[in-house]
Amino acid sequence: MTVHQKNLNIEEIVKADIAHHFHPFTDHKSFHAAGGPRVITHGDGVYIWDGKGNKILDGMSGLWCVNIGYGRKELAEVAYRQMLDLPYYNTFFKTTTVPATELASKISSLLPRRFQHIFFTNSGSEGNDTIVRWVRHYWKVMGKPYRQHIIGRRRGYHGSTWVAANLGGMVGMHEQGGTQLPGFHHIQQPYWYDFGGDKTPEEFGLEAAAELEKKILELGPDNVAAFIGEPIQGAAGVLIPPSTYWPEVQKICRKYGILIISDEVICGFGRTGKWFGFEQFGYQPDIINMAKGLSSGYLPIGAIAFSEELIKPFFDKGGEFYHGMTYDGHPVASAVALKNIEIIQNEKLVERVAELAPHFNAMLKKLEDHPIVGETRSVGLIGALELTRNKAKRERFNESGRVGTICRDHCFNAGLIMRACWDTMVLAPPFCITEKEIDEIGKLARQALDKTYADVKAEVA
Ligand code: PXG
């Protein structure tokens with residue numbers, strides 16, 4: 001327990017939480033039935049501790065974000081110093097702060113040369129809302145106001161604000177919060193395990209990309225503004241597209257003059273073993289959305305990169321884009337993000353992810369001998385394993401994700417955080433993980449899988 005948490009009364013915290021805290025993405029009835037929250041008190045490296053003193057290996061880097069790991073004092077120190085110098089000033093009305101400008105320069109230095117300008121946000125959701133407003137405005141500025149439709153994928157996740165939820169393809173989210181907004185469309189996700197049938201992944205990748213062209217032709221190519229995709233669909237269950245998919249998507253978008261938005265909120269800043277997911281999958285986006293790994297989750301901050309070709313008309317023609325949030329380019333969050341990137345660069349953590357990738361993949365592959373594990377897959381330090389009732393037929397237990405939830409709970413109790421996306425178990429550990437800790441994930445995951453198997457044996461074919 002860290003010094004300043006010595007006198008914590010966890011029972012009181014749990015009581016207060018039940019009484020006053022309304023949680024995101026939580027079924028409140030089962031939350032209360034479970035006796036309230038598990039309180040996480042502190043972290044170090046790849047481990048976190050709960051209020052009962054349990055040490056847990058965080059296989060999810062928080063929510064895909066604590067990439068450099070927990071407990072890095074340098075980030076706390078930089079935040080402290082920046083707060084004393086200047087806790088806040090805005091970036092509106094022709095002003096800036098030193099960290100915001102330095103961070104914009106730093107991010108553009110990590111990207112291909114055509115990305116020179118960065119717009120700051122506070123989260124991935126805000127980034128996507130901003131991008132939708134911006135893209136539609138861009139096409140108006142370009143004299144093509146009819147280019148308003150945006151195409152995404154089913155089970156894509158782009159955030160929880162209204163526009164971001166419409167952009168994403170989570171049906172459960174569409175059904176809440178009122179009418180679907182106009183102009184958002186979703187095509188099938190490139191998910192070979194569920195939809196590939198007898199085709200090779202490469203054949204299936206081309207087929208999934210062809211869905212995009214079909215949708216474009218249905219809407220009328222001149223009416224389509226942009227296509228948005230995560231390089232790997234994270235929240236859908238780490239859907240790693242076949243190698244043929246993204247190059248074909250790019251070809252189709254170029255053919256019809258449609259912008260490519262790469263949502264790098266999970267994949268950005270090294271997760272796949274390259275700085276950005278588009279480098280791993282061989283395509284060139286026009287707009288990039290970033291958050292999470294930008295600050296390793298130490299403070300909330302997001303950023304959008306627009307290619308110069310898109311930005312230039314705004315410089316040439318003038319005119320204001322009526323959009324901005326109070327905390328865009330917040331100086332403390334920017335200073336922390338700068339330090340985070342410095343750590344990633346100095347410690348060569350992106351290269352380290354690439355180096356660890358085969359070991360991480362081998363750990364997952366070893367689990368394929370388990371009776372309820374179907375395919376396993378990974379790129380860099382992001383991976384998944386499919387729970388199945390019939391390996392040969394790639395059959396799910398059911399659509400509800402019940403078995404995934406059972407497995408997730410067994411993982412937690414075994415001392416491992418692995419997230420369940422329906423019946424797909426996913427992992428995205430911090431980049432500072434060691435080979436030994438990866439082996440520990442394998443060991444704990446197997447224990448949890450054994451217990452899950454014991455619970456559902458009767459259903460396994
Ligand atoms: N885009 C992508 C690709 C994301 O993964 C967002 C946008 C939204 O970012 P913010 O910062 O507004 O949350 C995300 C977020 C999960 C889970 O359970 C995933 C996310 C957020 C919360 C939960 O997998 N991804």
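A compact table of results
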quantity	calculated
Subset of the stretch 131-163 [assigned to a helix (DSSP H, G or I) and within 22 Å of GLY257 (Cβ to Cβ)]	ILE131, VAL132, ARG133, TRP134, VAL135, ARG136, HIS137, TYR138, TRP139, LYS140, VAL141
Conditions (1) in contact (Cβ under 8 Å) with a residue 12 or more places away in the chain; (2) of a type in the set (S, T, N, Q); (3) not in a strand (DSSP E or B): number failed by GLN116	(3)
Matching helices (runs of 4 or more DSSP H) fully within the stretch 7-81 where at least 2 residues are surrounded by 14 or more Cβ atoms within 10 Å (Cβ to Cβ) and not assigned by TED's automatic domain parsing to the domain that holds ARG419	10-20
Test: residue in the stretch 168-180 that is within 15 Å of the ligand (Cβ to nearest atom), in a loop (DSSP other than H, G, I, E, B) and among the hydroxyl-bearing types (Ser, Thr, Tyr)	no
Single match in PHE269, PHE306 (criterion: away from the ligand (no atom under 16 Å from the Cβ), within 30 Å of ALA79 (Cα to Cα) and not small (Gly, Ala, Ser))	PHE306
Residue match in the stretch 224-246 (condition: under 30 Å from HIS137 (Cα atoms), within 16 Å of the ligand (Cβ to nearest atom) and in a helix (DSSP H, G or I))	yes
Yes/no for CYS253 being within 16 Å of the ligand (Cβ to nearest atom) and surrounded by 19 or more Cβ atoms within 10 Å (Cβ to Cβ)	no
Matching residues, the stretch 195-219, being out of contact with any Pro (no Cβ under 7 Å at 6 or more places or on another chain), buried (at least 18 other Cβ atoms within 10 Å of the Cβ) and over 19 Å from ARG254 (Cβ atoms)	GLY196, GLU207
In the stretch 272-299, the residues that are within 13 Å of the ligand (Cβ to nearest atom), in contact with a strand residue (DSSP E or B) (Cβ under 9 Å, 6 or more places away or on another chain) and open to solvent by 10 Å² or more (accessible area, probe 1.4 Å)	LYS292
In the stretch 422-447, residue surrounded by the most Cβ atoms within 10 Å (Cβ to Cβ) [restricted to those that are β-branched (Val, Ile, Thr) and part of a loop (DSSP other than H, G, I, E, B)]	ILE433
Residue satisfying all of: in the stretch 132-160; open to solvent by 50 Å² or more (accessible area, probe 1.4 Å) and either in contact with a Cys (Cβ under 6 Å, 6 or more places away or on another chain) or within 16 Å of the ligand (Cβ to nearest atom) (or both); farthest from ASN122 (Cα to Cα) among these	ARG154
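The values are calculated or read from the model by the stated rules, or taken from the named source; none is laboratory data. A quick note: this is a predicted structure, and the numbers were derived from the prediction, not measured. Neighbour counts are summed over all protein chains in view; Cβ atoms, including those assigned to glycine, are modelled from backbone coordinates with ideal geometry. Ligands, DNA and RNA are stripped out before the accessible areas are found, and what is left, the full protein with its side chains, is counted by its heavy atoms. Shrake-Rupley method; radii C 1.70, N 1.55, O 1.52, S 1.80 Å.
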